[in-house]
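Provided herewith is a single structure, encoded as C-alpha cells, for subsequent inquiry.
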Amino acid sequence: ATGSVVATPAQYDAEYLSPVSIGTPAQTLMLDFDTGSSDLWVFSSETPKSSVQGQTVYNPSKSSTAKKLSGATWKISYGDGSSSSGSVYTDKVTIGGLSVSNVAVESAQKVSREFTAEADLDGLLGLAFSSINTVQPTQQKTFFDMAKPSLDSAVFTADLKYGKAGKYNFGYIDDSAYNGSLTYTAVDSSNGWWMFTSPGYAVGSGTLDSTSITGIADTGTTLLLVPSSVVTTYYKQIRNARYDSSQAGYVFPCSTSLPSFTYAVGNSQIVIPGKYINFAPVDSAGSSCFGGIQSDEGIGFSIFGDVALKAAFVVFDGSQSPRLGFASK
Ligand SMILES: O=C([C@@H]1CCCNC1)N1CCCCC1
C-alpha cells in the first residue's frame, strides 16, 4: 500500500497542515505532521469548549469503529512550551488513500493556550519513533509504525515547499520529485528522534566550514536552530542584522537581500535560498523581520526544521536500520 497527501503551509510557512480522516463515517481534521514527536492527538468532543476556538473536533461517539483504550492517558510538552493531554481511543485513520485500522487517536481533554490560538490546527500526527510516544500505561505505536507492514516500502517522504503546498508520501519514493540523486546519512534513533550529523555548512558562496552540526529532522519545528557559532557567522554577513533581545533572536530589515545557507549531508549539499531565511515581520509595521536561522541554545542539539527541510526532498527510511535521505529539488 501507499499514500500521498498535500501539506499546506499556514501563515508564513510557520507550519504545514494535512487532511487526515478518522473513524467511520470519516471525520476529516487538519493535522500538523511532526517528525519531532510521536503522538497522534486531536481536538475532540472531550476538549473543553472554552479551549476550542475554530478547530474541527473528533467525536469518537460518532464513529462506529472507535474503541476507548480503557485506562489509557497521554500528556505531552513541546520544546516551545506548549502542551496537551487526555484520553485514548483506537480508530481507523486514513491519510491520502492509505487506511490503517486500530491506530491510537489521542483525544485532548486539555490543550495549552498556544493550541487554542491556532484555529487552523486540529492536532498533531507524530512521525518520530514510537519509543517516545507518551501514552501510559501501554505505549502506543505511531501511524507510520502501524502502517509499515502494509507499505510497499518502509518509508515516508517529506516534500515541503516555500509558500505553497508540498506533499507527504507513504510507502514509496517519487523519483520525479527531486533533482539528481538521494544522499543517505545515518540516523541515531536512540532518543526517539530522526537525529543525524551534517558534516559542514557554508554561508552564501563561501567555502564549506567543516564544523559539524548534529540535530534532528523536525517537520514540526518552523526554523533552523543551530549552534550560536554558526548563527553568528551567518548574520555577520548581513550588515543590518542584529540580535534583538526583545524578540530573542536575530532580526534584519525586511528589505534585506539574504545570503543562502548550505548544509552538508554526507558528500552532498543542500542549499537553502536566502529568501527562505526571511521568516516573518516581527511587528505590524513590517519593517523588521525575524531570521529563519536562530540558536539551538538550551536544547542540547540542533533542529533542522521547515526552513532547512523545505529546501530538500527528504526520505525518512524506517527500515530495520533507519536512515535519512536528502536530495535537492
Ligand atoms: O517538542 C519538540 C518539538 C517541538 C516542535 C514540534 N516538533 C517537536 N521537541 C523536539 C526538539 C527537542 C525537544 C522536543
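What accessible area per residue, rounded to a whole number of Å², is obtained for the chain using a probe radius of 1.4 Å?
Roughly 41 Å² per residue, with all protein chains present.
Provide, for q = 0.16 Å⁻¹, the log10 of I(q)/I(0) from a solvent-free Debye sum over equal Cα point scatterers in the range 1-125.
Debye curve over Cα of the range 1-125, log10 I(q)/I(0) at q = 0.16 Å⁻¹: -0.73.
If you add up the charges near Lys67, with Lys and Arg at +1 and Asp and Glu at -1, over every other residue whose beta carbon is less than 13 angstrom from its beta carbon, what do you get? Can you show the working numbers first?
Working: positive: Lys68, Lys92; negative: Asp91.
Residues near Lys67 contribute +1 overall.
OK, next. Give a quick list of trypsin sites (Lys or Arg not before Pro) in the range 203-269 that DSSP marks as loop, anything other than H, G, I, E or B, with at most 15 other Cβ atoms within 10 Å. Write down the numbers at each step before the final one.
Details: sites: Lys236, Arg239, Arg242; in loops: Lys236, Arg239.
Hits after loop and neighbour filter: Lys236, Arg239.
Please list the equivalent ellipsoid semi-axes of the range 282-329, computed as the square roots of five times the alpha-carbon gyration tensor eigenvalues, in descending order and whole angstrom. Write out the running numbers ahead of the final one.
Details: eigenvalues 184, 50, 10 Å².
Its equivalent ellipsoid spans semi-axes of 30, 16, 7 Å.
Please report the relative contact order for the range 1-151, taking Cα pairs under 8 Å with a sequence separation of at least 6, and give it as a percent rounded to a whole number.
Details: 364 pairs, mean separation 46.0, N = 151.
After rounding, I find 30 percent.
Would you mind listing how long the range 48-202 runs along its three principal axes, going by Cα atoms, in whole Å with the largest first?
Sorted from largest, the Cα extents of the range 48-202 read 49, 35, 33 Å.
Also, I was wondering about something else. Can you tally the net charge around Val52? Count Lys and Arg as +1, Asp and Glu as -1, for every other residue whose Cβ sits under 15 Å from the Cβ of Val52.
Value of the local net charge: -2.
When every alpha-carbon pair in the chain is counted, what percent end up more than 32 Å apart? It would help to have the intermediate numbers written out before the result.
On the way: 14998 of 53956 pairs.
The share of Cα pairs beyond 32 Å in the chain comes to 28 percent.
Can you give the relative contact order of the chain as a percent, counting alpha carbon pairs under 8 Å and 6+ residues apart?
Contact order relative to length: 19 percent.
Now for a separate question. Please work out the FRET efficiency for the pair Ala177 and Lys67, using the Cβ-Cβ distance as r and a Förster radius of 41 Å; give the result to the nearest 0.05.
Once the sixth-power term is evaluated, E becomes 0.65.
Starting from the alpha-carbon convex hull of the range 204-329, give the projected area averaged over all orientations, in nm².
Mean projected area of the Cα convex hull: 8.5 nm².
Can you give the local net charge around Val226? Use residues other than it whose beta-carbon is closer than 11 angstrom to its beta-carbon, Lys and Arg +1, Asp and Glu -1.
-2
Which entries of Lys62/Lys167; Lys62/Lys148; Lys68/Lys110; Lys110/Lys310 have Cα-Cα distances beyond 21 Å here?
Lys62/Lys167; Lys62/Lys148; Lys110/Lys310
Moving on. Per the 1.4 Å probe, what fraction of the accessible area of the chain, in percent, lies on carbon and sulfur atoms? Don't skip to the end; give the middle numbers.
Numbers: 6470 of 13560 Å².
Here it works out to 48 percent.
Oh, and also: Could the peptides 312-318, 25-31 be put in order, highest first, of the mean number of other beta-carbon atoms found within 10 Å of their residues?
Peptide ranking by packing, descending: 312-318, 25-31.
Given the C-alpha centroids of the range 136-213 and the range 1-65, what is the distance between them in whole angstrom?
Here the answer is 22 Å between Cα centres.
Where nothing but the Cβ of Lys and Arg (+1) and of Asp and Glu (-1) is charged, how large is the charge dipole of the range 70-229 around its Cα centre, in debye to the nearest 20?
Charge dipole, the range 70-229, about its Cα centre: 240 debye, nearest 20.
Viscosity 1.306 mPa s, temperature 10 °C: Stokes-Einstein D of the range 160-242 from its Kirkwood Cα radius, in µm² per second?
Values: Rh = 15.8 Å.
Using the Kirkwood radius from Cα pairs, D works out to 101 µm²/s.
Any idea how far apart Thr232 and Ser257 come out in nm if each label point goes 7 Å out from Cα toward Cβ?
The answer from the label model is 2.8 nm.
The values are calculated or read from the model by the stated rules, or taken from the named source; none is laboratory data. Because the structure is a prediction, the values reported are computed rather than measured. Neighbour counts run over all protein chains shown; Cβ positions are idealised from the backbone, glycine included. SASA here: full protein model, heavy atoms, side chains in, ligands and nucleic acids out. Shrake-Rupley method; radii C 1.70, N 1.55, O 1.52, S 1.80 Å.
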